[in-house]
Amino acid sequence: MRSLALTATLLVSGALLGACSFQPVYSGALTSQPLLNLAYAKPANRLEQIVYQELSLRLGSSTSETAPLAQVFVSVGLGGIGGLTATGNPSAPSRATATATLTITQRDGSTTKPLVITRVAIAQYSTNSQVFANNTAATEAGERAAKSAAESLRLAVLAALSR
């Protein structure tokens, strides 16, 4: 009797959870909206190119003249993280902070205000006495931060358009 009650409870709770209105972020009706067929501006630098590539891969792109225009501005700041290590470690921790601002402007003649979203992402890296290695690590960390900011922008766009 006890196992029958447990089985019935599990089946009923499974049916109730199945009726919830969760929506997948990576597929489904939300990602097939025509508002997500964006036209992208030309990138001004490598970091903007990374963000545009991530957004067009995940949200889709359009070559239509009336598709909403997505413009991205990305800036990266590099800096050390002083005071985090008390050891005599020859490598010093540093971080790259990417700030990405996405502006989506409607081009269909409507008077809708542009959607402006800003996200910040941080990537850490280590520096030492080798200049070339430091420059390469900083560049790579900036690209990782830009990619992370692009993912955050994508989720923000999906959230804004789902309202």
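The values are calculated or read from the model by the stated rules, or taken from the named source; none is laboratory data. Just so you know, these numbers come straight off a predicted model, no measurement behind them. Positions of Cβ are generated from backbone atoms using ideal geometry, with glycine treated the same way; all protein chains shown enter the neighbour counts. Heavy atoms of the whole protein, side chains included, go into the accessibility calculation; ligands, DNA and RNA do not. Shrake-Rupley method; radii C 1.70, N 1.55, O 1.52, S 1.80 Å.
Of all the numbered requirements in (1) under 26 Å from Ala133 (Cβ atoms); (2) at pLDDT 85 or above; (3) open to solvent by less than 30 Å² (accessible area, probe 1.4 Å); (4) among the hydrophobic types (A, V, I, L, M, F, W, C), Ile81 misses one, and that requirement is (2). Scanning segment 106-121 for residues that are outside any loop (DSSP other than H, G, I, E, B) and buried (at least 16 other Cβ atoms within 10 Å of the Cβ), we see that the one that is modelled with the lowest pLDDT is Leu115. Selection of first residues in segment 99-121 that are under 19 Å from Lys42 (Cβ atoms) and touching a residue at least 12 places away in the same chain (Cβ under 8 Å) and of second residues that are hydroxyl-bearing (Ser, Thr, Tyr) and open to solvent by 50 Å² or more (accessible area, probe 1.4 Å), restricted to Cβ pairs under 6 Å at least 6 apart or on distinct chains, gives the following pairs, ordered by first then second residue: Thr101/Thr118; Arg107/Thr66.
If I ask for residues that are within 24 Å of the chain's Cα centre (by Cα) and either buried (at least 18 other Cβ atoms within 10 Å of the Cβ) or of a type in the set (A, V, I, L, M) (or both), which ones from segment 122-139 would you list? Scanning segment 122-139 gives Ile122, Ala123, Tyr125, Ala137, Ala138.
Residues that are assigned to a helix (DSSP H, G or I) and in contact with a Leu (Cβ under 7 Å, 6 or more places away or on another chain) within segment 144-163 comprise Ala146, Ala150, Leu153, Arg154, Val157, Leu158, Ala160, Leu161, listed in sequence order. In this structure, is Leu158 out of contact with any Gly (no Cβ under 8 Å at 6 or more places or on another chain) and at pLDDT 90 or above? Spelling it out, it is not the case that Leu158 is out of contact with any Gly (no Cβ under 8 Å at 6 or more places or on another chain) and at pLDDT 90 or above.
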